[in-house]
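Take a look at the structure set out below.
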Amino acid sequence: MSTTVSDTHSAHDAHDDHHDHKPTGIKRWLFTTNHKDIGSMYLWFSFLMFLVGGSMALMIRAELFQPGMQIIDPHFFNQMTTMHGVIMVFGAVMPAFVGLANWMIPMMIGAPDMALPRMNNWSFWILPFAFLIMLSSFFMPGGAPAFGWTFYAPLSTTYSTDSTALFVFSMHIMGMSSIMGAINVIVTIMNMRAPGMNYMKMPLFVWTWFITAFLLIAVMPVLAGVVTMVLTDKYFGTSFFDAAGGGDPVLFQHLFWFFGHPEVYIMILPSFGIVSAIIPAFARKPLFGYASMVYATASIAGLSFLVWAHHMFTTGMPTFASLFFMYMTMLIAVPTGVKVFNWVSTMWRGAMTFETPMLFSLAFVILFTIGGFSGIMLAITPVDYQYHDTYFVVAHFHYVLVTGAVFSIMAAAYYWLPKWSGVMYDDFLSKLHFWCSLISVNILFFPMHFVGLAGMPRRIPDYAIQFADINQIVSIGGFLFGFSQLIFLAVALKCAFKKGKPAPAKPWEGAEGLEWTVPSPAPYHTFDVPPKV
Amino acid sequence: MKVRLTSLFIGLVAMFTSAIASAGQGSQLNLTRGVTDISQTVYSLHMLVFYICVAIGVIVFGAMFISIYRHRKSRGVEPAKFHDNLRVEIAWTVIPFLILIGMAVPATITLLEMDDTADSDLSVLITGSQWRWHYSYLDYDVEFLSNMATQREQIYGRLPQTENYLLEVDRPLVVPVGKKIRFLITSDDVIHSWWVPEFAVKKDANPGYINEAWTRIDEPGIYRGQCAELCGRDHGFMPIVVIAKEPAEFEAWIQGEEQRLADAREEEERLLSMEMSEDELMSLGEQVYLSQCAACHQPNGQGVPGVFPGLAGVGVSVGDQNAHIDIVVNGSAGTAMQSFRNNLSMRELAAVITYERNAWGNNTGDLVQAADIHQFIQGNQ
């Protein structure tokens with residue numbers, strides 16, 4: 001944006017802005033326009049949602065511990081799977097990335113704050129209300145939405161309870177929050193880079209978020225459209241998804257997945273950026289193929305708009321549509337492969353150490369790749385007929401989302417915690433957290449491949465007895481993984497209360513980037529004067 | 001610490017590989033080979049892609065582990081400085097592309113074959129509804145509903161679970177072996193998905209639209225599957241059982257069915273003039289209620305608040321009798337309450353309505369007879 005405006009402003013407000021002059025108590029958090037405060041709130045909020053969504057997952061796993069219905073009713077089970085999905089996607093993973101973007105993007109590009117700080121405040125503060133609305137539906141007659149996070153019509157229209165209305169409005173609010181967050185990221189990156197920080201010098205985390213933000217702006221309105229159509233189909237007599245009125249239930253799936261597939265990449269592209277920052281830092285060697293990383297990210301984003309119907313192979317699409325979506329989906333393996341090869345080449349002949357951020361990143365590379373492999377298998381249409389809607393799919397997307405996205409968020413948290421808090425995290429607890437998570441997450445998700453292949457459908461509250469042994473193992477893994485995350489809570493709280501060794505400005509020997517040039521903890525205002533790059 | 005780390009990684013990989021290897025031995029951990037040509041092809045395609053992935057995994061993770069082991073700071077190595085290599089980068093873009101083409105070719109051939117439903121010998125219309133399947137043989141005068149047969153006592157742990165727990169139905173679909181069977185698949189309410197793994201057939205049942213799939217089964221046997229698309233509360237209790245018989249046996253079976261259904265219709269006409277006693281109505285009614293209605297309205301008639309209305313002491317069950325007959329016979333548009341007109345006989349309809357009007361303390365004292373139902377339907381035409 002125009003530098004003259006901000007120059008005159010800073011001249012006027014210099015004596016206000018330049019000291020850590022901020023309201024205290026609740027007002028600081030309610031009215032803050034500071035990217036660091038907002039980033040912290042996003043991160044704490046997402047962790048809270050992670051625990052809420054996680055306890056729902058544990059409820060699911062407790063019921064599935066053995067065949068037969070023991071703990072919850074099938075209808076409540078469906079509410080659990082639905083809300084677990086919605087909360088993890090929209091409440092845990094996405095806000096965590098927005099939190100990281102808030103904290104890190106201005107510091108990485110040498111900007112004093114996000115470009116639109118008041119909007120930034122708003123885009124965070126509407127989120128808790130969105131989730132309050134969503135969660136309050138549990139207290140309605142008939143309970144919370146029970147149609148899966150994918151809310152396929154007509155299960156979500158004609159055959160749903162009135163919680164659908166709350167679901168739709170809270171989705172709208174989340175969508176607004178995401179769009180505003182995305183606009184902020186784009187405007188910040190385009191206008192507020194420090195002199196000399198040209199596009200091809202930006203850290204990959206900034207690049208991947210830049211591309212992610214465009215994806216968000218492109219698809220969140222589609223989500224808003226489709227939830228509105230659900231609302232009008234249910235309450236205002238339209239028939240978008242009802243054949244009796246000339247509509248088509250499959251149209252819903254096309255619209256939903258036109259949002260939903262890019263959404264998947266929204267949740268993984270920033271992970272690529274995080275891992276691309278951490279691996280070079282701990283391999284003490286520059287990232288291999290920076291430019292190809294940027295191009296690969298951009299092509300994954302582009303292709304993400306052309307693959308949506310691979311979620312719908314069994315809906316009875318024309319053969320040639322199936323073929324098109326199969327080929328396009330397989331094609332995504334190429335740029336994704338480039339990224340994995342680049343990370344491995346970055347490690348090659350480096351001088352590696354294995355601090356906790358690096359451990360999570362290495363686990364990310366391996367386990368995300370396993371999720372990618374099952375993704376290629378799922379892309380093959382004739383075989384997908386067998387995999388579709390089984391636990392094989394559940395295993396696939398949890399490898400991508402948990403050991404992919406969530407592990408990268410953990411890696412990022414450990415990597416930047418010293419910068420955020422000014423103290424080093426508890427090394428023993430962090431390693432304990434890593435090893436407990438790594439082992440339990442694989443006990444949790446790996447055997448799901450097997451029950452899926454053996455024929456266990458997903459989203460069922462009870463199952464045939466031949467699936468009993470594996471489900472028992474999976475449930476044990478689930479509880480171990482869930483409780484392991486409390487170790488992370490302990491680590492984060494210790495840092496928040498400044499219990500730990502003081503961190504230097506640059507705690508990692510091989511780390512690169514502007515964020516390490518400011519002291520730890522990062523002062524309330526950084527880069528009031530743009531750095532020279 | 002670091003050595004332990006490496007060995008743990010290696011241990012984990014070893015664990016996976018051995019698990020995967022045991023999955024390859026046709027045990028319950030892998031995809032079924034199935035009993036049709038297509039399902040065998042699908043199985044080989046699955047294994048082909050799987051082995052390619054394993055090979056790539058071995059190379060990539062192998063390089064990573066070598067690097068983790070050898071290029072550690074604790075071994076005193078100096079980091080190299082290189083950060084790109086055009087030739088290598090082109091190679092690892094082009095080679096995966098070629099591998100993908102290698103997978104795409106057989107996949108395309110298989111898909112074209114799977115989608116070719118022409119020249120079938122027999123057509124079955126499959127209609128999903130919450131939560132049962134309806135089968136109708138288009139070439140014969142035979143149709144019936146297929147409900148899950150597993151008892152609630154087993155589900156709720158009051159009886160031990162038997163071998164085919166949740167995978168058994170009251171009336172299985174019967175088909176001949178060696179014939180090309182075309183399935184026409186649709187739904188009465190929400191989206192369901194008809195899936196029998198042994199045939200590699202999974203197709204969504206979309207309300208208002210008809211999907212096609214086909215199979216040709218090689219060996220006689222009993223094949224089991226389940227609904228594969230979330231369809232509401234009892235999605236997990238909507239099994240599919242298909243019995244494949246030799247063509248001659250199938251012919252005998254289907255003729256027997258035609259005869260049985262024709263007799264039943266005749267019997268029904270005859271019974272229209274007969275009054276059933278309260279005990280008969282109530283005991284048949286309870287049977288029908290538990291198999292057809294209890295999934296939503298619950299065995300105790302309480303329903304599920306906000307989702308499925310209760311019948312005990314409220315609503316049509318204690319209100320106007322004709323309104324009650326109407327909702328059971330014609331269903332209620334825009335709700336999960338389907339029409340039972342074609343799914344139950346007039347006796348069964350009369351019995352279940354009588355049961356609902358007198359069970360759980362409703363005690364209206366109304367006895368509905370088959371003739372009342374007959375009259376109602378006639379009056380509506």
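Evaluated against (1) surrounded by 13 or more Cβ atoms within 10 Å (Cβ to Cβ); (2) at pLDDT 95 or above; (3) more than 30 Å from B:Ser339 (Cα to Cα), B:Val105 falls short on exactly one condition, (1).
Within the range B:79-90, being part of a loop (DSSP other than H, G, I, E, B) and not acidic (Asp, Glu) holds for B:Pro79, B:Ala80, B:Lys81, B:Phe82, B:His83, B:Asn85.
Yes or no, residue by residue, for (1) buried (at least 24 other Cβ atoms within 10 Å of the Cβ); (2) in contact with a Phe, Trp or Tyr (Cβ under 6 Å, 6 or more places away or on another chain); (3) part of a loop (DSSP other than H, G, I, E, B):
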residue: A:Gln253; (1), (2), (3): yes, no, no
residue: A:Phe258; (1), (2), (3): no, yes, no
residue: A:Gly273; (1), (2), (3): yes, yes, no
residue: A:Ala277; (1), (2), (3): yes, yes, no
residue: A:Lys285; (1), (2), (3): yes, no, yes
residue: A:Tyr295; (1), (2), (3): no, no, no
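Going by the conditions given, is A:Tyr415 in contact with a helix residue (DSSP H, G or I) (Cβ under 7 Å, 6 or more places away or on another chain), assigned to a loop (DSSP other than H, G, I, E, B), more than 14 Å from chain B (Cβ to nearest Cβ) and not β-branched (Val, Ile, Thr)? When the stated conditions are applied, A:Tyr415 does not pass them.
The criterion of being surrounded by 18 or more Cβ atoms within 10 Å (Cβ to Cβ), facing chain A (nearest Cβ under 10 Å), farther than 28 Å from A:Pro145 by Cα and out of contact with any Cys (no Cβ under 8 Å at 6 or more places or on another chain) holds for B:Ala200. Scanning the range B:255-301 for residues that are among the polar types (S, T, N, Q), surrounded by 15 or more Cβ atoms within 10 Å (Cβ to Cβ) and over 23 Å from B:Leu145 (Cα atoms) yields nothing. Checked against (1) closer than 30 Å to A:Phe446 by Cα; (2) modelled with pLDDT of 95 or more; (3) touching a helix residue (DSSP H, G or I) at 6+ places or on another chain (Cβ under 7 Å), A:Pro507 passes all but condition (1). One residue alone among B:Thr93, B:Thr110 is within 30 Å of A:Ala281 (Cβ to Cβ), hydroxyl-bearing (Ser, Thr, Tyr) and not in a loop (DSSP other than H, G, I, E, B), and that residue is B:Thr93. Scanning the range B:331-371 for residues that are of a type in the set (S, T, N, Q) and touching a helix residue (DSSP H, G or I) at 6+ places or on another chain (Cβ under 8 Å), we see that the one that is nearest to A:Asp162 (Cα to Cα) is B:Ser339. For the range A:418-459, the set of residues classified as hydrophobic (A, V, I, L, M, F, W, C), away from chain B (no Cβ under 12 Å) and either crowded, with 24+ Cβ neighbours inside 10 Å or not in a helix (DSSP H, G or I) (or both) consists of A:Val423, A:Met424, A:Leu444, listed by residue number. Filtered by the rule that a residue be in a helix (DSSP H, G or I) and either touching a Ser or Thr at 6+ places or on another chain (Cβ under 6 Å) or surrounded by fewer than 20 Cβ atoms within 10 Å (Cβ to Cβ) (or both), the range B:302-329 gives B:Gly315, B:Val318, B:Gln321, B:Asn322, B:Ala323, B:Asp326, B:Ile327, B:Val329.
Which one of B:Ile185, B:Ile95 is within 30 Å of B:Val288 (Cα to Cα) and either surrounded by fewer than 20 Cβ atoms within 10 Å (Cβ to Cβ) or within 14 Å of chain A (Cβ to nearest Cβ) (or both)? Going through B:Ile185, B:Ile95 in turn, the sole match is B:Ile185. Considered as a group, the residues in the range A:299-357 that are part of a helix (DSSP H, G or I) and out of contact with any helix residue (DSSP H, G or I) (no Cβ under 7 Å at 6 or more places or on another chain) include one that is farthest from the other protein chains (Cβ to nearest Cβ), and that residue is A:Gly302. Of everything in the range B:205-251 that's in contact with a Lys or Arg (Cβ under 6 Å, 6 or more places away or on another chain) and assigned to a strand (DSSP E or B), which residue is nearest to the other protein chains (Cβ to nearest Cβ)? It comes out as B:Asn211.
Here's a check for you: in the range A:274-295, which residue that is small (Gly, Ala, Ser) and under 20 Å from A:Met107 (Cα atoms) is farthest from the other protein chains (Cβ to nearest Cβ)? Of everything passing the filter in the range A:274-295, A:Ala277 is farthest from the other protein chains (Cβ to nearest Cβ). The number of residues in the range A:156-186 that are in contact (Cβ under 8 Å) with a residue 60 or more places away in the chain, among the β-branched types (Val, Ile, Thr) and more than 19 Å from A:Ile126 (Cβ to Cβ) comes to 3. Restricting to the range A:358-385, and then to whatever is more than 7 Å from chain B (Cβ to nearest Cβ) and over 21 Å from the mean Cα position of the chain (by Cα), can you tell me which residue is surrounded by the fewest Cβ atoms within 10 Å (Cβ to Cβ)? Checking each candidate, the answer is A:Leu378. Of the listed requirements (1) part of a strand (DSSP E or B); (2) touching a helix residue (DSSP H, G or I) at 6+ places or on another chain (Cβ under 9 Å), B:Lys179 misses just one: (1).
Quick grid of which residues meet (1) part of a helix (DSSP H, G or I); (2) more than 9 Å from chain A (Cβ to nearest Cβ):
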| site | (1), (2) |
| --- | --- |
| B:Arg33 | no, yes |
| B:Thr41 | yes, no |
| B:His46 | yes, no |
| B:Tyr51 | yes, yes |
| B:Ile56 | yes, no |
| B:Gly62 | yes, yes |
| B:Ile66 | yes, no |
| B:Tyr69 | yes, yes |
| B:Val77 | no, no |
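The values are calculated or read from the model by the stated rules, or taken from the named source; none is laboratory data. Remember, it's a predicted structure, so these values are computed and weren't measured experimentally. Cβ coordinates were reconstructed from backbone atoms using ideal geometry, including for glycine residues, and neighbour counts include every protein chain displayed.
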